[in-house]
Structure formats: structure tokens, C-alpha cells
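*Asks:* Pasting in a structure now, in C-alpha cells, and then I'll have a few things to ask.
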């Protein structure tokens, strides 16, 4: 099984939030989306953290929806004045921002009637033609317009939304990976590794150094949609590690 | 003290690494850079996670160095075949990739003589005209070319490099912030908050909902370079929280 361009499905993630750019909070959504997309055979090729600014969001959405098969945004769809993602996405698509009657009904059902104020009704505003993305945690939905999925920023809600929309995504060949860990400095194995990469051009060999307990080591990750190609390259990399007098340790939890 | 455009110094971060895009690892550098830049009065306006691909890296470097005052890259400067950041940055600037004699001397000094192989010498390759960025952890330096700083991806090394280069950066007005936490749903305080934002156009009020111990709450962050403007807005926001029957809790550790 070889990789054909047509089998490769791509995605970008836009993390919308001044709070991540200010260093106030650590993004907690990207890794979940990256891993989840990978399982579906969708390759996350870019992620951007951008400011709560309508121009900036609209520009990033348009750049990414043209460049990738899918775009996922997180953050900025709540009821407050700084939640401007929906308006920005409507602008990016050149469509009106309209109040979705289905979401209005949902809000009236979810909140006590006299608490459905104008701020909460703002959460029903979506680009014309948007399709809802269910929120099984706190009800108020996200939405999809063409290849762009607009999700919440609160991690528990974002995860539920993503898990609930997976069936709408069409994946390509899932990327598989296997990892060997060696207690060797990267510089010692680098040449053998480059040779292994040259002998196995159908896989991608990544080398990630680490320092633990005062010793340097390296995680060698072999990735490909093809399990047999991975096995062949891993055998080769493992032999190289042993040739250098070290042990090749299979990383747990890797497929 | 008002904010003038001339006082605003901006930055972007490029996290270079397939391992972050595959979900294999969680980025551990962005928040450190974001917070450190903020303390220097430099506003991080964008961060991108991009693939280990020379074209992609060169394009992102060129887009960001034109758009922002400073650009920081992390990752891809080691000795292995997948470390291509230096070559990509040289290409972005249209200059040659040359072996820096100072770094070669450093490598010969740091490693046993017979272990300074071609792979390790690759770490001495930098764009022509680059200035070294010191690495107090494992010696092998990063580099600066014009407004672009190329740093390691291993967090302990990245941090040491960033801390060591801070004196080269010229900051603007530091952004200050103060946070009040209220055990209120965002939708309840949204309207009062929008009114407070309208009364205090010189600050930025951010609203970040959370769910803890089964109850919803919100962190309200007031940001501005001007401490007096923050105090005035915080007093206003605090009064609104109390008007709604909740307690306004000062977040610890905030300035």
C-alpha cells in the first residue's frame, strides 16, 4: 500500500485566544485535536494561536480553509463582548450573521426563561447556512460552515464537540507510528539515522532528543501509513542502535 | 500614560515540529515565551505550529518577520536529518548556509575530539551573518539573524537561550493585568461586562469561563499598560459582580 496524494487529507487548527498569547493559560486543545485527527487519517499540518480580533480571525480562516481540507477553530463563541469568532467566520465567508431559531429554542429549554438575555442569545448567532455542532456538555452548540468547524475553547466542551462531529469527517490513510528509545546522544546516532532514512524513503523518521536523570537520550519515531514499511525501517533503526552499543527500547503505548 | 502605536512592540513564535502536529508531544515552549515576552513589554500576537518542511518554514519565517518586530522559532536545530530549521531560515533570508568557525571551536571543546562527526558539525551551520545565541545548558548555540531568533526545541535549552538573549530585545510598554474570579455563569455577567468595557475603552476586558467542582465560574481579566486604568476598570467589574450577588475574588499571583 503506497501513499498517493489523493489519500492525504489535511487540516489546520486555529486556537483563538488572547489568554494563550499572553501566557496566562496553556492551550489544552491542540494535542487532543492533533491525536484525534491522526486517528481518523487526517494530517494536522498547521496550527495557529491568534488574537481575539475580527480581522485577524477572518484572515486566518480564509487562508487556512483554502489551503487545507478541514479547519477547526477553538474559543470565542461564548456570550461575552470578547466572543467574536462567529462574527469573524461569517465575515470570512461573506455571509450574514443570523440568529439560529434552533439554538434559540435550545437556549430557552436549557436556561430558566427570564435568564435568556441578549448576551445568551448572542450564542445563537451563526453565519447564514451554518450547520450545528452538538455540545453534549453544556448544550450551546458550535457550528460547521463548509469545511470550517467552530468549537468551544473550554477543553471539556471542545472535546465533546469534536468527538460528536467525527462522523462528518472523511479521513485518508491513517498515519501509523512506532517509536524506539535509545540512551544515546543524538549526535552519535545521527549519521546512521540519515542512512536509514535514505534506505527507507517511504517512511518519515523523526528524532527527538531528551534529557532525563542527567543522561541524554533520543526517541526515534518512524511514521508512515504503511505498517510493513514501518516494521522494516524500525528493524533497521534498531540494528543501528545496537551497533552503537545501546539498547533499543520499544516505547509503550505506541502502535 | 496612554498607549501609543509607537510603544507597541510585537512578536510571533514559530513552533517547528511534526511531533507537536501529530499529537505525540505537547508544546512546552509557547507559554514560557509568551509570559517572558509580556514581561519585557513585547506582545505576542501570533504563534504557529508548523511542519518540518523547508518550504513551509521559510514561508512562515518570511511572513512573520515582515509582520512582527520579533520572531522566535523553536526546534529543528539538532544534528539529525530532520533538523532543517537553519537551512530554511537561510533560504528565507536568501543567504548562504555557512559553517560558523566559533561554533566549530565550541563543538571541538565540548565533545571528545573523535566524536565531532559530520552530523554534529551540522549544528555549526548557520545563515551567513548570523549572531550566536548562547546555550548555557548544552553549549551548542542558537542564532539570531536580523529580527529572527532561532532557538532549540528541548524546553530546558530553549528557556536558557531565551533568558540569555533577553537583553537584546527592546520592549515597549509592559502589559499589566488584574483578574477577578466570580462564581457566576458567563451569560449572567455578560451584559454588565460589556457595559464596563464600553466605559473603560482604554483597557481590554477578557472573560474566561471555567467549570470546577460542578459549578460554573468566570475569570475576568483586565489588561492595559496603565495600572490606574486597570484599577478603575477592576473596581467597576467588582461592583458589577457584587451587584449580581456574587463575591469578587482577587486571583492570586496576579499583578
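The values are calculated or read from the model by the stated rules, or taken from the named source; none is laboratory data. Small disclaimer: the values here were computed from a predicted structure and weren't measured. Using ideal geometry, Cβ is built from the backbone for each residue, glycine included, and neighbour counts are taken over all protein chains shown.
*Asks:* If a residue counts only when it is within 21 Å of residue A:174 (Cα to Cα) and touching a residue at least 12 places away in the same chain (Cβ under 8 Å), which helices (runs of 4 or more DSSP H) contained entirely in segment A:17-103 have at least 1 such residues?
*Replies:* A:30-39, A:54-67
*Asks:* Of the numbered conditions (1) in contact with a strand residue (DSSP E or B) (Cβ under 8 Å, 6 or more places away or on another chain); (2) within 11 Å of another protein chain (Cβ to nearest Cβ); (3) buried (at least 19 other Cβ atoms within 10 Å of the Cβ), residue A:156 fails exactly one; give the number of that condition.
*Replies:* With respect to (1) in contact with a strand residue (DSSP E or B) (Cβ under 8 Å, 6 or more places away or on another chain); (2) within 11 Å of another protein chain (Cβ to nearest Cβ); (3) buried (at least 19 other Cβ atoms within 10 Å of the Cβ), residue A:156 is out only on (3).
*Asks:* Would you confirm, using the coordinates I've provided, whether residue A:153 is assigned by TED's automatic domain parsing to the domain that holds residue A:20, in contact (Cβ under 8 Å) with a residue 12 or more places away in the chain and under 23 Å from the mean Cα position of the chain (by Cα)?
*Replies:* Here the answer is yes, as residue A:153 does meet what is asked.
*Asks:* Shifting gears a bit: Could you please find all residues in segment A:104-132 being assigned to a helix (DSSP H, G or I) and within 26 Å of the chain's Cα centre (by Cα)?
*Replies:* Once the filter is applied, which keeps residues that are assigned to a helix (DSSP H, G or I) and within 26 Å of the chain's Cα centre (by Cα), segment A:104-132 yields A:123, A:124.
*Asks:* From the list B:51, B:34, B:66, pick out the single residue that is more than 12 Å from the chain's Cα centre (by Cα) and either surrounded by 17 or more Cβ atoms within 10 Å (Cβ to Cβ) or outside the structural domain of residue B:163 (by TED's automatic domain parsing) (or both).
*Replies:* Going through B:51, B:34, B:66 in turn, the sole match is B:51.
*Asks:* Out of (1) in contact with a strand residue (DSSP E or B) (Cβ under 7 Å, 6 or more places away or on another chain); (2) surrounded by fewer than 17 Cβ atoms within 10 Å (Cβ to Cβ); (3) more than 12 Å from every other protein chain (Cβ to nearest Cβ), the odd one out for residue B:163 is which?
*Replies:* (1)
*Asks:* Suppose the filter is more than 18 Å from the chain's Cα centre (by Cα), at pLDDT below 95 and closer than 19 Å to residue A:187 by Cα; does residue B:79 pass it?
*Replies:* In short, no.
*Asks:* Of all residues in segment B:204-231, which are more than 19 Å from residue A:20 (Cβ to Cβ) and surrounded by fewer than 18 Cβ atoms within 10 Å (Cβ to Cβ)?
*Replies:* Hits for segment B:204-231 are B:212, B:213, B:214, B:215, B:216, B:226, B:227, B:228, B:231.
*Asks:* Just to be sure I understand, how many residues within segment B:192-223 are in contact (Cβ under 8 Å) with a residue 40 or more places away in the chain and more than 12 Å from chain A (Cβ to nearest Cβ)?
*Replies:* Residues in segment B:192-223 being in contact (Cβ under 8 Å) with a residue 40 or more places away in the chain and more than 12 Å from chain A (Cβ to nearest Cβ): 1 in total.
*Asks:* Quick one: is residue B:171 closer than 30 Å to residue B:75 by Cβ, out of contact with any helix residue (DSSP H, G or I) (no Cβ under 7 Å at 6 or more places or on another chain) and touching a residue at least 60 places away in the same chain (Cβ under 8 Å)?
*Replies:* yes
*Asks:* Next question, about the same structure. With the structure loaded, tell me whether residue A:188 is more than 30 Å from residue A:84 (Cβ to Cβ), over 26 Å from the mean Cα position of the chain (by Cα) and at the interface with chain B (Cβ under 9 Å from one of its Cβ atoms) or whether it fails that test.
*Replies:* Yes.
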